[in-house]
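K.L.:
Mind looking over this structure? Questions follow.
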Amino acid sequence: MKRRNPMSWVILAILTITAAIWIIPYYLVFTYAIKSPFDQASTSLWAPPHSFNASYFIQAWQWGDLTPKFLNSVYISSVATLISLLLAFFTAFSLGIGKPKHRTLILTICMVIYAIPQEAIVFPWFKFTEAINIYGNQIGVILILGILYSAFATYLLTTVLNEFPKEILEAAYVDGVSSWRLLRSIIFPLIKPTLATLAAMIFIWDWNEYMMPLILLPNNNTQTLPIVIATALGGNPDTGSPGMNVSVMAMGCVLSAIPSIIFFLIFQRTLARGISVGAVD
Amino acid sequence: MKKPLYLRRMRRERINSKHSLFAIPGLLILIATVGGALLFNFYYSFTRWIGFGTPHWVGLRNYRYMFQNPDVRETALHAVLTIIPYSIIPTFLGCFLAAILFQYISPRFGEAIASRFRGIFYLPQIVPLAMTGVVWNWLLDSKTGLLNQYLHDHGAKWHIAWMEKPLATQLIFALILIWLQLGFTLLIFIAGLSRIDTNILEAAQIDGATWFTQFRLILIPLLRNEIAIVLLTTSISSLKIFAPVYWISHGGPNNATQVPSTYVFHQFYNGSNVGSAASIATVFALMVGVFTAALMKFQQRAHVVKI
């Protein structure tokens, strides 16, 4: 540890103030959500709450009938994530381990698909779901999100499998394993940790997805949790009702952010490496 | 003894061709779905259509109209300008902040403190944007907003219209975008810095280089690759920015913060003019696609992705 001088304390103080500015919007909402009505009236906006008050949590949950919406979000995000990984895993195995000729081209296509703005595909997909009679059904959202994010998953898994230890592969080839066996008994167990991180990442992306659910799910009962809360709370001027109880609203915000925050706490270390996931670890 | 080259090559090729069968289902589904959707979108862009009934072929009229329409030009300009607060400023701030946290704070106050700071700056990246939108609207509303209430309680006689005048909104929204994006760039640069060989920095220190000299002459050049990639990825996400505009500024007031994504989305959503929206989306997708392909060409070693 290096010596601290007055200058380093000044820098720390400046940083702390900056960080405080960063966190204040969320801090205000969070503390407001868990303050009791008495606390809200008697203490300053900035003061921390005296005690944890769960009543708004229950109110928000009942007011929005949030249990089915929460389950919608869990259902859509988890099935879509599963589809993405399933589609991506086999492709990435073939590209990363087999190293066919045109794999750079294929990876570029994957990244272009991942980057393309969704509004260029949302309307045709909407017409397609209408044509095959699944419009308004969550399966329409699940399929398109699963397929779209498989592009990114393919890219990431391929770059990981590219670095797969050659010695293991050589040994397997000498023993004459089949592709399927190699995939199932050697590759899959070894990249499970990467798959888990990737799954968590895609799950959160699906959880926070807006454009597809907004267009494909017209009915509030099938809609995802963040969208239901945000539209009901006036996050969207077209549908909002700003006159509602501010505390319930604050609690709604806290609720729909929880999965993302849990994700961050679990995968913080991997994220800190910038999702480079360069090695099989 | 090694087998002859042609034998090894034969075996390799046989194995490779076996593996390549595995790529077919995933790629087929991906390319058929997205490619098909893009083609349909391309077709719609040559029609006049309200979303149901039969599309009416109008040739290039939508494209001509698009280039003449001042609204479209303005939204496109906004998307390009978004690059400043959503890409350029966060990149340089992030670089600087990462260096301070990693090279200055961490050795003096411990890694735990540095990573706590990193977590705080990253928070806007993980909270759903729909929620962040609600939060900012709650703070900045001119009548019921927390900030104005607070000022009112402390003696202010007037209400500040934070998000009601075009220029003021654009500036405030730009600040919010910096606030949103900084965590991402910071994360990437800290990851980049942790790969740097610390011997170079120690040698520089022994030679009497100040912290800022080290930053300018050693860290920046070593982070060149990361800086370029972060600039490019965040530029792409600036051009296609949707959720922050949709949830925080809603494109208003008077379309002052409207961008192509939200503009097209509203046209699709209201079903007012699918053909015209499709033409904008087509041009836009093409631009982002070319940009991304260029990025991939550039991106040789580091695999930095937007999360």
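The values are calculated or read from the model by the stated rules, or taken from the named source; none is laboratory data. Source: prediction; values computed, not measured. In this analysis, Cβ positions are derived from the backbone assuming ideal geometry, glycine residues included, and neighbour counts consider all displayed protein chains. For accessibility, only protein heavy atoms count, side chains too; no ligands or nucleic acids. Shrake-Rupley method; radii C 1.70, N 1.55, O 1.52, S 1.80 Å.
K.L.:
What are the residues of region A:205-222 that lose 20 Å² or more of accessible area, with a 1.4 Å probe, going from their chain alone to all protein chains?
P.N.:
So the qualifying set is A:Trp205, A:Asn208, A:Tyr210, A:Met211, A:Leu214, A:Ile215.
K.L.:
Take chain B, connect every pair of alpha-carbon atoms lying under 10 Å apart with a spring to form a Gaussian network, then pick out the residue of B:Val230, B:Val58, B:Val274 with the largest mean-square fluctuation.
P.N.:
Comparing B:Val230, B:Val58, B:Val274 in the GNM, the peak value goes to B:Val58.
K.L.:
A further question follows. Rounded to the nearest 100 Å², what is the sum over both chains of accessible area buried where B meets A, with a probe of 1.4 Å? Don't skip to the answer; put the middle values down first.
P.N.:
Details: alone 19090 and 16330 Å², together 26870 Å².
Summed over both sides, the interface buries about 8600 Å².
K.L.:
Rounded, prolate or oblate: which fits region B:59-176 when a ≥ b ≥ c are the square roots of the eigenvalues of the alpha-carbon gyration tensor, with rounded for a/c under 1.5 and prolate only if a/b beats b/c?
P.N.:
It is oblate, given that a/c is not under 1.5 and a/b is not larger than b/c.
K.L.:
Determine the share of chain B's accessible area contributed by carbon and sulfur atoms, expressed in whole percent, with a 1.4 angstrom probe. Please report the intermediate quantities before stating the final value.
P.N.:
Numbers: 9800 of 14780 Å².
Answer for chain B is 66 percent, counting heavy atoms of protein chains only.
K.L.:
While we're on this one: Rounded to the nearest whole Å², what accessible area per residue is found for region A:77-208 with the 1.4 Å probe? Kindly include the intermediate steps, with their values, before the conclusion.
P.N.:
Details: 4890 Å² over 132 residues.
Result: 37 Å² of accessible area for each residue.
K.L.:
Then there is this: So, for chain B, what is the accessible surface per residue at a probe of 1.4 Å, expressed in square angstrom? Don't jump to the answer; show the numbers that get you there.
P.N.:
Details: 14780 Å² over 307 residues.
Ligands and nucleic acids excluded, the result is 48 Å² per residue.
K.L.:
Could you pull out the pairs from A:Lys101/A:Lys166; A:Lys35/B:Lys165; A:Lys69/A:Lys192; A:Lys99/B:Lys240 whose alpha carbons sit more than 25 Å apart here?
P.N.:
Details: A:Lys101/A:Lys166 18 Å; A:Lys35/B:Lys165 34 Å; A:Lys69/A:Lys192 30 Å; A:Lys99/B:Lys240 32 Å.
Too far apart for the 25 Å limit: A:Lys35/B:Lys165; A:Lys69/A:Lys192; A:Lys99/B:Lys240.
K.L.:
Cβ under 14 Å from A:Val228's Cβ, A:Val228 left aside: what net charge do those residues give with Lys, Arg +1 and Asp, Glu -1? Working shown, then result.
P.N.:
Working: positive: A:Lys69; negative: A:Asp65, A:Glu209.
Residues close to A:Val228 contribute a combined charge of -1.
K.L.:
So which helices of chain B fit the span-like rule, where a helix is a whole DSSP H run, its Cα atoms reach 30 Å or more along the axis, and its mean Kyte-Doolittle is at least 1.0?
P.N.:
Numbers: long enough: B:23-44 (31 Å, 1.73); B:166-193 (39 Å, 2.10); B:274-298 (35 Å, 1.77).
Span-like helices, by this rule, are B:23-44, B:166-193, B:274-298.
K.L.:
How large, in percent, is the carbon and sulfur part of the accessible surface of chain A at a probe radius of 1.4 Å?
P.N.:
Values: 8090 of 12080 Å².
Here carbon and sulfur together make up 67 percent of the probe-accessible area.
K.L.:
Loop only by DSSP, 16 or fewer other Cβ within 10 Å of the Cβ. Give me the trypsin sites (Lys or Arg not before Pro) in region B:166-259 that pass, ordered by residue number. Please report the intermediate quantities before stating the final value.
P.N.:
Numbers: sites: B:Arg195, B:Arg216, B:Arg224, B:Lys240; in loops: B:Arg195, B:Lys240.
When the trypsin sites (Lys or Arg not before Pro) of region B:166-259 are filtered for loop state and at most 16 Cβ neighbours within 10 Å, B:Arg195 remain.
K.L.:
Another question, then. Measure out, as a whole number of angstrom, how far apart the alpha-carbon centroids of region B:177-207 and region A:150-207 sit.
P.N.:
Computed from Cα coordinates, the inter-centre distance equals 30 Å.
K.L.:
For region A:60-272, just the Cα set please: Rg and Dmax, both in angstrom.
P.N.:
20.2, 71
K.L.:
Another question, if that's okay. If you look at just the Cα atoms of the protein assembly as shown, how large are its Rg and its Dmax in Å?
P.N.:
Computed over the Cα atoms of the protein assembly as shown, radius of gyration and Dmax are 25.5, 91 Å.
K.L.:
At a cut-off of 20 Å², which residues of region A:87-108 become less accessible once all protein chains are present than in their chain alone, using a 1.4 Å probe?
P.N.:
Buried on complex formation: A:Leu87, A:Phe90, A:Thr91, A:Phe93, A:Ser94, A:Gly98, A:Ile106, A:Thr108.
K.L.:
Would you kindly derive the ³J(HN,Hα) couplings of region B:243-254 from the backbone phi angles with the Karplus curve 6.51 cos²θ - 1.76 cosθ + 1.60 (θ = phi - 60°), listing them in order in whole Hz, with x for Gly and Pro?
P.N.:
Along region B:243-254, the couplings run 4, x, 5, 4, 9, 9, 9, 6, x, x, x, 6 Hz.
K.L.:
Length gain on complete extension for the stretch B:Phe298 to B:Tyr43, per 0.36 nm per residue less the alpha carbon to alpha carbon distance? Walk me through the numbers before you get to the answer.
P.N.:
Numbers: separation 255, 0.36 × 255 = 91.80 nm, distance 3.19 nm.
Full extension of this stretch gives 88.6 nm more.
K.L.:
In region A:69-155, which trypsin sites (Lys or Arg not before Pro) are in a loop and have at most 10 other Cβ atoms within 10 Å, using DSSP for the loop call?
P.N.:
Loop-located and lightly packed - A:Lys101.
K.L.:
Something else: Compute the separation of the alpha-carbon centres of region B:91-154 and region A:72-108 and state it in Å as a whole number.
P.N.:
34
K.L.:
For A:Lys2, go through the aspartates and glutamates and keep the ones whose alpha-carbon is under 20 Å away, minus same-chain ones fewer than eight residues off.
P.N.:
Result set, ordered by chain and number: B:Glu111, B:Asp197, B:Glu202, B:Asp207.
K.L.:
Restricting to DSSP loop positions (anything but H, G, I, E, B) with no more than 11 other Cβ atoms inside 10 Å of their own Cβ, which chymotrypsin sites (Phe, Trp or Tyr not before Pro) remain in region A:25-61? Don't jump to the answer; show the numbers that get you there.
P.N.:
Details: sites: A:Tyr26, A:Tyr27, A:Phe30, A:Tyr32, A:Phe38, A:Trp46, A:Phe52, A:Tyr56, A:Phe57, A:Trp61; in loops: A:Trp46, A:Phe52.
When the chymotrypsin sites (Phe, Trp or Tyr not before Pro) of region A:25-61 are filtered for loop state and at most 11 Cβ neighbours within 10 Å, A:Trp46, A:Phe52 remain.
K.L.:
Still on this structure, please answer the following. Please calculate the 1.4 Å probe accessible area of B:Tyr269, with all protein chains present, and give it to the nearest 10 Å².
P.N.:
110
K.L.:
Further question on the same structure: Can you tell me the orientation of helix A:103-115 relative to chain A, as the angle in degrees between its alpha-carbon axis and the longest Cα principal axis, to the nearest 10?
P.N.:
Tilt of helix A:103-115: around 20 degrees.
K.L.:
Can I ask one more? Do you know the relative contact order of region A:60-272, to the nearest whole percent, from alpha carbon pairs under 8 angstrom that are 6+ apart?
P.N.:
Details: 194 pairs, mean separation 71.0, N = 213.
Relative contact order comes out at 33 percent.
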